[in-house]
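Structure record follows, encoded as structure tokens.
Derivation of every value follows stated rules applied to the coordinates shown; laboratory data play no part. What you are looking at is a predicted structure, and each value in this text was computed from that prediction instead of being measured. All Cβ positions, even for glycine, are placed from backbone atoms using ideal geometry, and neighbour counts span all protein chains on display.
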């Protein structure tokens, strides 16, 4: 994904804290089939807003991806395995037929 930008600090965090590769992040973007949500928590607000979604890698690993979109550039903020609360929030935004 040529328009995906990952800072050195984020790259270190992905590797050291979350054991996530950039290729897994790219696969999540390639495999997304749900909505994009805006992270409107006060401590995470940004301009432009932080967007997030939950998707699977090609090896079926479920990951939450958070990023900022600036024109065609996608600036990755983080990516990790979602917790239960995040799964509930995301699933509440899926069309009804997808949750049954």
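Below are the figures for this structure:
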quantity: Ranked list, fewest to most other Cβ atoms within 10 Å of each Cβ, for 56, 23; calculated: 23, 56
quantity: Candidate values (i) 19.4, 71; (ii) 13.2, 40; (iii) 18.3, 66, label of the one derived for Rg and Dmax of the Cα atoms in Å; calculated: (ii)
quantity: Spin-label model distance (nm) - residue 18 vs residue 87, 7 Å beyond Cα toward Cβ; calculated: 1.7 nm
quantity: Relative contact order, percent, the stretch 4-95 [alpha-carbon distance under 8 Å, six or more residues apart]; calculated: 29 percent
quantity: Ranked 37, 88, 94, criterion: other C-beta atoms within 10 Å, fewest first; calculated: 88, 94, 37
